[in-house]
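The values are calculated or read from the model by the stated rules, or taken from the named source; none is laboratory data. None of the values given here were measured: they were computed from a predicted structure. Note: ideal-geometry Cβ built from the backbone for every residue, glycine included; neighbour counts use all protein chains shown. We work out accessible area using only protein heavy atoms, side chains counted, and drop any ligands, DNA or RNA first. Shrake-Rupley method; radii C 1.70, N 1.55, O 1.52, S 1.80 Å.
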Amino acid sequence: MRLFFTLFIFIFSIGSVVAQQIKLSPNAEVSILTVGPGKSLNDAFGHNAFRVTDKSLGIDVTYGYGEYDFDAPNFYLKFALGKLNYLISRHNYSDFYNHYVHYNRTLKEQVLNFSETEKQALFDFLENNYKPENRRYLYDFFFDNCATRIRDVSQSVTANPITFNKPKNFEPKTFRELIYEHVDNNSWGSFGIDLALGSVIDQNASSNEFMFLPKYIHQFFLNASYNGPDSIVKRSSIVYNKKPEKDTSNFLLSPIFINSLLGFIILFITFRNHKNHSRSKWLDIALFSVTSIVGILLFLLWFATDHSATANNYNLLWAFPLNFILIGQVVKNRMKNWVKGYLKFLIIMLCLMTLHWLIGVQVFAVGLIPLIITLCVRYFYLLRCFK
């Protein structure tokens, strides 16, 4: 019995090794798939994947980077801290195609001009990367995502370096400007991004760094050369073209309108306070509580997480974490003298924020403009209350 069990394990192991060493036929093709943007924020930037096709062996699979590992312990905490490992995924091409057609997302394909050796090397790399012990990797939205992996893996399996030439009409842009190409700067998605990400994304991206976006993977590979003048792309096609859809955006629900409405209400209350020689304590409690909570969250994103893009966030100039110390004072009829100096400090901080915006240190959410004006007016009114 023991001999039979040992023999079974040996045969199973040999079969597994053979299965993992599939030899592609000379007719095999490898290509890059580029998926257009979707409707939700997490789909707004598109997607990239590899496709390996070998009709002789019945192989037609896709490999993509960036799948969530929902089985990871403390998933949401790790996600917030920037410590969450993502996965490489593998799907039948038909399932991949049907999924994105169902959601009406453009699908483009670029067949790569790889040699047989390079095709095999890419296939072996992806198969090895898909093993359970190798599937996970620490994701970074700008520097290690579904698009950058396509670029880096392609370069790692080729015999000679790939030269990524700049597309025609190439213009230098910051990371934030590249994000705005996919997300309207007066949308709630953009508002959240501009709030959470710091001045580090207001630096100009190099041409190589443009490829953190899937659409630039498509453009740069289309213009890339290999082995001298040869193009790295042998054939390019649009597999599915997105059908026109109605624009469902509503300005009345946009950040700049909602925040303008809130700002108008606060200014109206401040005007009534001025006319009645009064002060709405509940309003001041709310303002200092909200700005403090937002500031603490931004401070933690900067210093307590591994997210590279949340550093140097000057939104802290208006959402100051220590504003909660004023709550105990604004509930009183008479505030202590140090509060006057603190309010002056907050006004100076708002001026510094405006300066940072004007000279290009950091671009802030356009939806913040009404709130910043409102805060400034309210702070001046509170200073007047000291007289």
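Given the criteria touching a residue at least 60 places away in the same chain (Cβ under 8 Å) and either in a helix (DSSP H, G or I) or buried (at least 17 other Cβ atoms within 10 Å of the Cβ) (or both), does residue 348 qualify? Can you show your working first?
Working: touching a residue at least 60 places away in the same chain (Cβ under 8 Å): no; either in a helix (DSSP H, G or I) or buried (at least 17 other Cβ atoms within 10 Å of the Cβ) (or both): yes.
In short, no.
Restricting attention to helices (runs of 4 or more DSSP H) lying wholly within the range 69-170, give those where 2 or more residues are under 24 Å from residue 40 (Cβ atoms). Full working, then the answer.
Numbers: elements: 75-81, 93-102, 116-129, 148-157.
It comes to 75-81, 93-102, 148-157.
Scan the range 38-54 residue by residue and report those that are in contact with a strand residue (DSSP E or B) (Cβ under 9 Å, 6 or more places away or on another chain) and either open to solvent by 80 Å² or more (accessible area, probe 1.4 Å) or assigned to a loop (DSSP other than H, G, I, E, B) (or both).
Step one: of the range 38-54, the residues in contact with a strand residue (DSSP E or B) (Cβ under 9 Å, 6 or more places away or on another chain) are 38, 43, 46-54.
Selection gives 38, 46.
Take residue 224 and decide whether it is surrounded by 17 or more Cβ atoms within 10 Å (Cβ to Cβ), closer than 30 Å to residue 93 by Cα and in contact with a Ser or Thr (Cβ under 7 Å, 6 or more places away or on another chain).
Numbers: surrounded by 17 or more Cβ atoms within 10 Å (Cβ to Cβ): yes; closer than 30 Å to residue 93 by Cα: yes; in contact with a Ser or Thr (Cβ under 7 Å, 6 or more places away or on another chain): yes.
Here the answer is yes, as residue 224 does meet what is asked.
Quick check on the range 136-150: of everything there that is of a type in the set (Ser, Thr, Tyr) and within 24 Å of residue 73 (Cβ to Cβ), which residue is surrounded by the most Cβ atoms within 10 Å (Cβ to Cβ)? That would be 139.
Residues in the range 171-209 that are in contact with a strand residue (DSSP E or B) (Cβ under 8 Å, 6 or more places away or on another chain), outside any loop (DSSP other than H, G, I, E, B) and within 22 Å of residue 43 (Cα to Cα) were compared, and the one that is least open to solvent (accessible area, probe 1.4 Å) is 201.
Quick grid of which residues meet (1) among the hydrophobic types (A, V, I, L, M, F, W, C); (2) touching a helix residue (DSSP H, G or I) at 6+ places or on another chain (Cβ under 7 Å):
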| residue | (1), (2) |
| --- | --- |
| 73 | no, no |
| 84 | yes, yes |
| 99 | no, no |
| 118 | no, yes |
| 122 | yes, yes |
| 127 | no, yes |
| 133 | no, no |
| 142 | yes, yes |
